[in-house]
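K.L.:
I am attaching a structure below and will ask some questions about it afterwards.
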Ligand code: FAD
């Protein structure tokens, strides 16, 4: 069985100096593939040797030529003879390091403000994200952080805590709730002193009494007005950081407000230009976004504009559960959309430059695992072991709530 992880067990410099072998199917010598320098085996597979720094470029070329990469293997160091096929178990024993490890270049700030000593910011902007005809309330809100000593700084992928005013049913001050940051470190106005959130107001009917219940903190946040004070803690979280590698591929899988960190990533990748001289994204970002109805597509206009402006670097697919049908005629949930593209995703995931991020509703991981497991098993790969290896390599990131 081929248990490939092309990246494990190598130091940063070893990793970059390696070459990889793509096994590709679907290329023909008399068709589009005639310009490629390879020979086709009887099996129909071709093997193309690629240096690390050309991996993405070659992947795009193969795609353009209609080929599909079915496996990626690292060549043994310094040798061009045999591909590395160390098993996942063996590799787990080795120290795993990758150049694409998700650590922002900037030192990652944590807990600058704690619940006992929180920062009091001001709401500077708040607007609706759900269009008419959509379900529920979801708002984008921005808080001014200026005047903080020290300044509350953060990086993309982190969260902040919000302490709602008032007391709980036991007469104790409310506890903080965490919210993923939806803006980049520079803030929506690029002035380095704001933070934005994307908050859904929790509302449900009590399962026993039938009483309409509204969540404490989310209702408080959604009712804020510009100028209101907000008690903030954090930032926290290192699970969802973006890799420094400008050439990384970023797969993002979001449901509902799970879009928040991905908005921050995409703004950093595509919208901040001169603000990020040390980060000029050149990889490929693919967003899967699950929502119930079209009016619930949060940040729709801005996201679709990005797909038009950066078609080579950004792709987005919606799973709109109440409007689209899956291949079996049922509702289209995020896992069905992943299943639709699972072969392509599996191909991307094998590239050591690819990071996968999942954010949003708890419980979405099972379906995603199932879809990717089906794709991996076509190549005799045990998906769960592979995913664990990706996690060790800091290429698999999950934040669900
Ligand atoms: P609460 O008043 O605390 O009520 C929540 C409780 O209500 C639940 O614990 C449960 O007991 C009960 N409940 C909820 N639904 C039902 C139901 N259908 N039936 C019966 N009981 C129910 N939220 C966002 O909107 N945006 C974000 O970006 C975001 N990011 C997060 C990031 C992290 C890392 C985490 C951990 C959570 C995140 N959340 C986010 C969720 C957020 O922290 C709060 O949990 C959410 O806003 C609800 O808080 P609340 O005070 O409004 O609800």
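K.L.:
What number of residues within the range 244-258 satisfy the criterion of being within 16 Å of the ligand (Cβ to nearest atom) and not in a strand (DSSP E or B)?
P.N.:
Residues meeting the conditions: 3.
K.L.:
Still on this structure, I have one more. Which of the residues belonging to the range 211-222 are in a helix (DSSP H, G or I), more than 7 Å from the ligand (Cβ to nearest atom) and free of Cβ contacts under 8 Å to residues at least 40 places away in the same chain?
P.N.:
Hits for the range 211-222: nothing passes.
K.L.:
Shifting gears a bit: Please go through (1) assigned to a helix (DSSP H, G or I); (2) touching a helix residue (DSSP H, G or I) at 6+ places or on another chain (Cβ under 8 Å); (3) buried (at least 21 other Cβ atoms within 10 Å of the Cβ) for residue 385 and return the number of the only condition it doesn't satisfy.
P.N.:
Result: residue 385 passes all but (3).
K.L.:
Sort through 310, 279 and tell me the only one that's assigned by TED's automatic domain parsing to the domain that holds residue 379, at pLDDT 95 or above and touching a helix residue (DSSP H, G or I) at 6+ places or on another chain (Cβ under 8 Å).
P.N.:
310
K.L.:
Output the number of residues of the range 192-209 satisfying the condition of being within 11 Å of the ligand (Cβ to nearest atom), assigned to a loop (DSSP other than H, G, I, E, B) and farther than 17 Å from residue 256 by Cα.
P.N.:
Within the range 192-209, residues that are within 11 Å of the ligand (Cβ to nearest atom), assigned to a loop (DSSP other than H, G, I, E, B) and farther than 17 Å from residue 256 by Cα number 4.
K.L.:
Please verify whether residue 338 is under 14 Å from the mean Cα position of the chain (by Cα) and not in a strand (DSSP E or B), treating the condition exactly as stated.
P.N.:
Yes, satisfied.
K.L.:
Here are the criteria: (1) in a strand (DSSP E or B); (2) crowded, with 23+ Cβ neighbours inside 10 Å; (3) away from the ligand (no atom under 16 Å from the Cβ). Tell me which single one residue 286 does not satisfy.
P.N.:
(2)
K.L.:
Write out, first by first residue and then by second, each pair whose Cβ atoms fall under 9 Å of each other, whose residues are 6+ apart or on separate chains, and whose first residue, in the range 193-210, is modelled with pLDDT of 95 or more while the second is within 6 Å of the ligand (Cβ to nearest atom) and part of a loop (DSSP other than H, G, I, E, B).
P.N.:
200/215; 201/215; 202/215; 203/215; 204/215
K.L.:
Please determine whether any residue of the range 359-378 is outside the structural domain of residue 177 (by TED's automatic domain parsing), outside any helix (DSSP H, G or I), in contact (Cβ under 8 Å) with a residue 12 or more places away in the chain and surrounded by 22 or more Cβ atoms within 10 Å (Cβ to Cβ).
P.N.:
Among the residues of the range 359-378, at least one is outside the structural domain of residue 177 (by TED's automatic domain parsing), outside any helix (DSSP H, G or I), in contact (Cβ under 8 Å) with a residue 12 or more places away in the chain and surrounded by 22 or more Cβ atoms within 10 Å (Cβ to Cβ), which makes the answer yes.
K.L.:
Continuing with the same structure: Is there a residue being in a loop (DSSP other than H, G, I, E, B) and buried (at least 23 other Cβ atoms within 10 Å of the Cβ) anywhere in the range 161-180?
P.N.:
Checked the range 161-180: no residue is in a loop (DSSP other than H, G, I, E, B) and buried (at least 23 other Cβ atoms within 10 Å of the Cβ).
The values are calculated or read from the model by the stated rules, or taken from the named source; none is laboratory data. Since this is a predicted model, take the numbers as computed values, not measurements. Positions of Cβ are generated from backbone atoms using ideal geometry, with glycine treated the same way; all protein chains shown enter the neighbour counts.
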